[in-house]
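Have a look at the structure below before the remarks.
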Amino acid sequence: MTTRVVVADDQLLVRTGLTMILNAQPGIEVVGEATDGHEAVDVARRLRPDVCLFDIRMPGIDGVEATRRLAGPGVEDPLAIVIITTFDLDEYVHGALKAGARGFLLKDAGPELLVQAIHAAANGDALISPDITRRLLTTLAGLERATPPAQPIEPLTEREEEVLLTVARGRTNAEIADELHITLSTVKTHVAALMNKLGARNRVEVAMWAYETGRVPG
């Protein structure tokens with residue numbers, strides 16, 4: 001099956017480059033492009049791609065707001081969105097993930113990581129640049145929050161806690177299965193259980209909860 005992608009970036013050279021890289025990959029096709037945030041939302045809603053690749057800074061509305069409109073709280077059928085940018089400031093990462101993004105990459109990450117992020121998002125996984133993940137973890141651990149993170153509707157089992165940590169570290173389902181010596185279907189069952197207990201819409205929100213509750217050591 002072909003993974004259909006919409007690319008949004010206000011710089012023509014960047015947008016063209018990303019499109020060329022993705023179209024050169026087997027099983028990936030760029031089906032739409034946008035030059036600003038409003039157009040990105042309109043094109044994504046019209047085409048319903050498997051993955052949206054959005055720049056964080058765009059005219060009109062930025063990538064975080066575009067993500068929120070397509071995948072944020074209250075969106076009935078959220079799209080998979082990967083944020084790509086030259087800016088790696090922590091507030092952008094945190095804002096994008098809170099808005100519903102499934103991945104966050106810097107533009108210098110390289111074609112291989114970009115393609116991995118697209119495939120991960122299409123498969124319901126999440127990929128965040130490793131350096132960003134480490135810094136995000138440290139930042140979240142040091143934040144003072146007005147309200148504590150929500151507690152699960154049921155206590156997590158020991159195995160669910162193990163799976164939670166691997167999800168928080170950005171592991172894919174296949175990597176979790178290999179690391180914990182369980183089947184892929186068992187991993188999917190545990191991830192689904194975590195999402196249900198935590199009221200999370202995707203595995204990124206599961207990972208964010210793990211960070212916010214201090215379960216992942218810095």
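For this structure, a couple of remarks:
- In the chain, Cα pairs under 8 Å separated by at least six residues give a relative contact order of 15 percent.
- Among 179-189, 107-117, the peptide with the highest mean count of other Cβ atoms within 10 Å heads the list, and the full ranking is 107-117, 179-189.
- For the chain, taking the reciprocal of the average inverse distance between every pair of different Cα atoms yields a Kirkwood hydrodynamic radius of 17.5 Å.
- Shape of segment 1-43, Cα gyration tensor, a/c cut at 1.5: oblate
- DSSP-loop trypsin sites (Lys or Arg not before Pro) across segment 14-67, with at most 16 other Cβ within 10 angstrom: R57
- The alpha carbon radius of gyration of segment 64-103, expressed as a multiple of 2.2 N^0.38 Å, is 1.08.
- Helix 158-168 vs. the chain, principal-axis angle (Cα, 0 to 90°, nearest 10): 30 degrees
- Crossing angle, helix 130-142 versus the chain [Cα axis fit, 0-90 degrees, rounded to tens]: 50 degrees
- To the nearest ten degrees, helix 37-47 and the longest principal axis of the Cα atoms of the chain are 80 degrees apart.
- Every helix of 4 or more DSSP H residues in the chain counts as -39500 (n - 2.57), and over all residues that averages to -15500 deg cm²/dmol at 222 nm.
- Average accessible surface area per residue within the chain, 1.4 Å rolling probe, Å²: 48 Å²
- Segment 158-213: proportion of alpha-carbon pairs further apart than 18 angstrom, %: 19 percent
- Taking all protein chains together and rolling a 1.4 Å probe, D62 ends up with roughly 60 Å² accessible.
- FRET efficiency for N23 and T157, using Cβ-Cβ distance with R0 set to 35 Å, rounded to 0.05: 0.20
- With each label modelled as a point 7 angstrom along the Cα→C-beta vector, the E91-D178 pair spans 3.9 nm.
- Full-stretch length increase - A150, T2 - with 0.36 nm per residue and alpha-carbon distance subtracted: 49.5 nm
- Take the Cβ atoms of N123 and E212, set R0 to 25 Å, and the FRET efficiency comes out at 0.50.
The values are calculated or read from the model by the stated rules, or taken from the named source; none is laboratory data. Keep in mind it's a predicted model, so treat the numbers as computed, not measured. Because the Cβ atoms are built from the backbone with ideal geometry, glycine has one as well, and the counts that use them run over all protein chains shown. To get the accessible areas, we keep the full protein, side chains included, count just its heavy atoms, and leave off ligands, DNA and RNA. Shrake-Rupley method; radii C 1.70, N 1.55, O 1.52, S 1.80 Å.
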